[in-house]
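Undergrad: Quick one: this structure, given as structure tokens, is what I'll be asking you about.
Just so you know, all these numbers are worked out from the coordinates, no wet-lab data involved. Quantities reported herein were computed from a predicted structural model and do not represent experimental measurements. Counting neighbours? That spans all protein chains shown, and the Cβs are built from the backbone with ideal geometry, glycine included.
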Amino acid sequence: MAAEPDLIIPLHYFDNNTMFTSITMHAIMVYDEVIDPEKLRTTLSQLVERETWQKLGARLRKGKNGHDLHVPRKFTTTRSAIAYKHVSLDMKKAKHPAASRIPSSKSAPKDRPAIVGNPEDWTELCCGADAPKTSSDYVGSDRPITGLRVVSFKDATIVNLHWLHIAADAMGLKAILDNWMLVLQGREAEIPLQHGFDEDPLRELGLHPTETFDLAGSELSKWGTASYALRNGYSIAIGKKENRTVCIPALFMKNLRKVAHQELNDQGRKNQFLTDNDVITAWFSRLAFSHLPPEKPVTIMQAMSMRRALEQDLLPPGTPFVSNCHSFTSVLRTKKEVDQSLGLLAGDIRQGINKHGTRKQIEAYCGRVRANAWPLGPMPVFFGQSNMHHIGYSNWKKAQVNLVDLSAACVSKRDTPLHPSFVSQVQGGIAYPDGFIITGEDAQGNYWLEGYRPGGLWLHVEKLIEEDITS
């Protein structure tokens, strides 16, 4: 009897852009214990095989209006729910030339930040030499859009959950991880259905703005975009890029927060609320702009999840929406203005997030995304001047990858949680320069940041960090 045809689901509107089809995401978690790889494979497969979650096992195909997801009606050994690869190495992790370069929370600096590694050193080990990168690696095969790679050592395990970006953003990843852990712990009955499985709940988002976006008039025009592309196209598409991992110790963060709040108080902005993200973004942006002349226009852009704001009308509260659901906020300054005060910059970043994260501003922003969607799809809108230096951030702290507890999958029984000793976020495909991911906060309170920069620019950051610059 012939197999039942796949269920065909068109990509959601905001998933279907050139950026998301050009990037495969790898959430890499390193554990200092031996974990059963088969238990990881079977439990993740069980999650993906569940009703509404089976979308994560879809195959990507070219459709009439871009890409479509083809979901098998039934997963089999020949058409599995996830892509899977297990590599077993008969040695301790410290003896492997690449694995030995991976930093950890145990070896993290205690009182000052440091550049502690280069993700390129462990990418091939953790992701595989044949890892998928862009949509073409999926369309031309029967590969599921979600995959798992496990590398086993005698004393450690590397777990890499990877997916084509069209499937999920950071908070989508959190939903996957949280519910995978429920399967692993035998709590399948607690797993909710996904919202927006085969229909797009955001299909009209941006079509009904009631106010103007706060930064309207500052976005790059088509000519400005062309000018920006001409100035920066080489470094984005072809030029040499360097990746680094930065550890920001808990003690240093405590001091940074004190400096930021004191500077705000000194400027009369007493008791202004700041998150760690605001302080980190302000602190690192000043380092990233350090090579620029004083009058250079700069833009600090951050991704923001829209889920909480959209729970007012489009997304039911407490129900996972595994897709891409984020907008952006930007702060426009000159390099000289950025240098004036860590606290003021952190405060301005917080004010931008508060202002641009309202339901009405999200509607207005998404309207501008729709207006500029041709020809690359609904891409982020860039704000600033055509000669600006632009940097972007995505903060994964709320995804809590650093706190994923795999104790239930340990080969040796244990009664305490097992968290990663290190988390790395590797992107296959486009490596956007000066795009940084705050990968999260570990169990010791240290923050970790990774990102690509055009060749040579990490040297400026390293020099300032070595000089112990805190404000």
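Undergrad: Sorted by packing (mean other beta-carbon atoms within 10 Å per residue), highest first, where do 252-260, 280-288 land? Can you show the working numbers first?
TA: Values: 252-260: 17.8, 280-288: 23.2.
Most protected by this proxy first, the peptides run 280-288, 252-260.
Undergrad: Using only the alpha-carbon atoms, what does region 222-466 span along each of its principal axes? Please give whole angstrom values in decreasing order.
TA: For region 222-466, the Cα extents along the three principal axes come out at 61, 44, 44 Å.
Undergrad: Right, here's the next one. Quick one: 106, 296, 95, fewest Cβ neighbours within 10 Å first, how do they rank?
TA: Details: 106 10, 296 17, 95 13.
Ranked by crowding around the Cβ, least crowded first: 106, 95, 296.
Undergrad: In terms of Cα to Cα distance under 12 Å, which aspartates and glutamates are near enough to residue 413, apart from those fewer than 8 places away along the same chain?
TA: Excluding near neighbours in sequence, the set is 33, 36.
Undergrad: Between residue 38 and residue 118, how many nm apart are label points set 7 Å from Cα along the C-beta direction?
TA: With each label point 7 Å from Cα toward Cβ, the separation is 4.0 nm.
Undergrad: Tell me, what HN-Hα J-couplings in whole Hz come from the Karplus equation 6.51 cos²θ - 1.76 cosθ + 1.60 at θ = phi - 60° for each residue of region 336-352, using x for Gly and Pro?
TA: Whole-Hz 3J(HN,Hα) from phi for region 336-352: 5, 5, 4, 6, 5, 6, 4, x, 5, 5, 4, x, 5, 5, 5, 5, x.
Undergrad: Another question, if that's okay. Find the percent of Cα-Cα distances in region 281-419 that exceed 26 Å, and round it to a whole number.
TA: On the way: 3909 of 9591 pairs.
Tail of the P(r) past 26 Å holds 41 percent of the pairs.
Undergrad: Right, something else. Run the numbers for residue 6 and residue 374: contour at 0.36 nm per residue of separation, minus the present Cα-Cα distance, in nm. Show your work: numbers first, answer last.
TA: Details: separation 368, 0.36 × 368 = 132.48 nm, distance 2.98 nm.
Full extension from residue 6 to residue 374 adds 129.5 nm.
Undergrad: Next up: Tell me, what is the percent relative contact order of the chain, built from C-alpha pairs under 8 Å that lie six or more residues apart? All intermediate terms of the calculation are to be shown ahead of the outcome.
TA: Working: 933 pairs, mean separation 117.9, N = 471.
Taking the mean separation of contacting Cα pairs over the length of the chain, I get 25 percent.
Undergrad: What list do you get for 430, 176, 158 if you sort them by fewest beta carbons within 10 Å? Write out the running numbers ahead of the final one.
TA: Numbers: 430 18, 176 23, 158 26.
Ranked by crowding around the Cβ, least crowded first: 430, 176, 158.
Undergrad: Hey, what did region 344-434 get for relative contact order, percent, Cα under 8 Å, at least 6 apart? Spell out each step's value before the answer.
TA: Values: 41 pairs, mean separation 14.3, N = 91.
Here the relative contact order equals 16 percent.
Undergrad: Among the aspartates and glutamates, which fall within straight-line cross-link reach of residue 106, defined as a Cα-Cα distance under 13 Å, with same-chain neighbours fewer than 8 residues apart omitted?
TA: 32, 442
Undergrad: Now, a different point. What does the highest-first list of 328-338, 82-92 look like by mean Cβ count within 10 Å?
TA: Numbers: 328-338: 19.8, 82-92: 14.6.
The packing order, highest mean first, is 328-338, 82-92.
Undergrad: In whole Å, what is the distance between the alpha-carbon centres of region 58-100 and region 381-411?
TA: 22 Å
Undergrad: Please list, in chain and number order, the residues 5+ apart from residue 92 or on another chain whose amide H is under 5 Å from its amide H, with Hs placed from the backbone.
TA: Under 5 Å from the amide H of residue 92 lie the amide H atoms of 154, each far enough along the sequence or on another chain.
Undergrad: OK, next. Assuming 0.36 nm per residue, please report the length gained on full extension of the stretch residue 74 to residue 216 beyond their Cα-Cα distance.
TA: Numbers: separation 142, 0.36 × 142 = 51.12 nm, distance 4.78 nm.
Once the chain is fully extended between residue 74 and residue 216, it gains 46.3 nm.
Undergrad: Among the lysines, which fall within straight-line cross-link reach of residue 240, defined as a Cα-Cα distance under 25 Å, with same-chain neighbours fewer than 8 residues apart omitted?
TA: Output for residue 240: 133, 296, 335, 463.
Undergrad: Percent of Cα-Cα pairs more than 36 Å apart in the chain, please. Before the final figure, lay out each step's value.
TA: Values: 31395 of 110685 pairs.
Taking all Cα-Cα pairs of the chain, the fraction more than 36 Å apart is 28 percent.
Undergrad: Run through every distinct alpha carbon pair of region 1-97 and return the Kirkwood hydrodynamic radius in angstroms, one decimal place. Display every interim value, and only then the final one.
TA: Details: mean 1/r = 0.0616 Å⁻¹.
Evaluated on region 1-97, it is 16.2 Å.
Undergrad: Along Cα→Cβ, 7 Å out, is where each label goes; now give me the distance between the ones at residue 358 and residue 111 in nm to one decimal.
TA: Computed distance between label sites residue 358 and residue 111 equals 4.6 nm.
Undergrad: Moving on to the next point. Mean residue ellipticity at 222 nm from the helices of the chain, using -39,500 (n - 2.57) per DSSP H segment of n ≥ 4 over the full residue count, to the nearest 500 deg cm²/dmol? Please report the intermediate quantities before stating the final value.
TA: Working: 13 runs with 137 residues, N = 471.
After summing the helix terms and dividing by the residues of the chain, the value is -8500 deg cm²/dmol.
Undergrad: Related question: Let's see if you can work this out: charge +1 on each Lys and Arg Cβ, -1 on each Asp and Glu Cβ, no other charges. What is the dipole magnitude of the chain about its Cα centre, in debye to the nearest 20? Walk me through the numbers before you get to the answer.
TA: Working: 55 positive and 52 negative charges, 87 e Å.
I would put it at about 420 debye.
Undergrad: For region 56-126, compute the orientation-averaged projected area of the C-alpha convex hull (one quarter of its surface), in nm². Display every interim value, and only then the final one.
TA: Values: hull surface 36.2 nm².
Averaging across all directions leaves 9.1 nm² for the Cα convex hull.
Undergrad: Which residue, chosen from 451, 24, 293, occupies the Cα position most advanced towards the positive end of the dipole of the chain, where the dipole is computed from +1 (Lys, Arg) and -1 (Asp, Glu) charges on Cβ about the Cα centre?
TA: 293
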